[in-house]
Amino acid sequence: MKITVACVGKIKEKYLRDGIQEYAKRLGRYCRLEWYETADEKTPDGASAAEEEKIRDTEGLRLLRGIPDSSYVIALAIQGKMLDSPGLAARIADLGNRGVSHVVFVIGGSLGLSEAVLRRADFLWSFSELTFPHQLMRMMLLEQIYRGYRILHGEPYHK
């Protein structure tokens, strides 16, 4: 299976780049991992709701350009459905059984995802009701995908 992580902005912190690189390497034995990164928009201090929506829309259009029509899209969204690790593993297995060969996980910028991206998504997934830095979410996402594949292959993982 090919997995693409579509995300906004660049990773600035070395410790996050190192962690992401480690999980990307581990995932190499289970899937083909690709990245689609788009530029993030600067959010002015005290931005109005309309300005924030415009920023989300601009970033969303950039994200949508990198999502093939034939791919299955999982958007990370606080209003999505929560899954535990075995639940994610089951979803990955189900997609594979249904013949889905390309899954795109979408991580928005600091203001979240546009309505257009949320509508394009086939599944909205929430990690938690907590808010996490969007840069940290990349590493957390890869760790959970890796854990899901370990579960699917009957390999040990920390509970």
Which of the residues belonging to region 87-99 are open to solvent by less than 40 Å² (accessible area, probe 1.4 Å) and either touching a strand residue (DSSP E or B) at 6+ places or on another chain (Cβ under 7 Å) or more than 19 Å from Glu155 (Cβ to Cβ) (or both)? Leu95
Just one of His153, His102 is in contact with a Ser or Thr (Cβ under 9 Å, 6 or more places away or on another chain), surrounded by fewer than 20 Cβ atoms within 10 Å (Cβ to Cβ) and in contact (Cβ under 8 Å) with a residue 40 or more places away in the chain; which is it? His102
Residues that are closer than 15 Å to Tyr146 by Cα and of a type in the set (A, V, I, L, M, F, W, C): which helices (runs of 4 or more DSSP H) entirely in region 5-106 hold 3 or more of them? 14-27, 85-97
Is region 133-152 home to any residue that is part of a helix (DSSP H, G or I), small (Gly, Ala, Ser) and over 23 Å from Arg17 (Cβ atoms)? no
Every residue from region 105-118 that is open to solvent by 60 Å² or more (accessible area, probe 1.4 Å) and over 22 Å from Leu142 (Cβ atoms): Glu115
Tally, over region 119-136, of residues that are open to solvent by less than 30 Å² (accessible area, probe 1.4 Å) and at pLDDT 95 or above: 4
Residue in region 19-56 that is farthest from Val103 (Cα to Cα), counting only those that are open to solvent by less than 70 Å² (accessible area, probe 1.4 Å) and acidic (Asp, Glu): Glu52
I'd like the full set of residues that are farther than 19 Å from Tyr36 by Cα and either surrounded by 14 or more Cβ atoms within 10 Å (Cβ to Cβ) or touching a residue at least 24 places away in the same chain (Cβ under 8 Å) (or both), limited to region 57-86. Ile78, Gln79, Gly80, Lys81, Met82, Leu83, Ser85, Pro86
Quickly run through region 107-117 and pick out the residues that are in a strand (DSSP E or B) and of a type in the set (Val, Ile, Thr). Ile107
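The values are calculated or read from the model by the stated rules, or taken from the named source; none is laboratory data. Since we're looking at a predicted model, the values are computed, not measured. Cβ sites come from the backbone with ideal geometry, for glycine too, and all protein chains shown count toward neighbours. These accessible areas exclude ligands, DNA and RNA; they are computed on the full protein's heavy atoms, side chains included. Shrake-Rupley method; radii C 1.70, N 1.55, O 1.52, S 1.80 Å.
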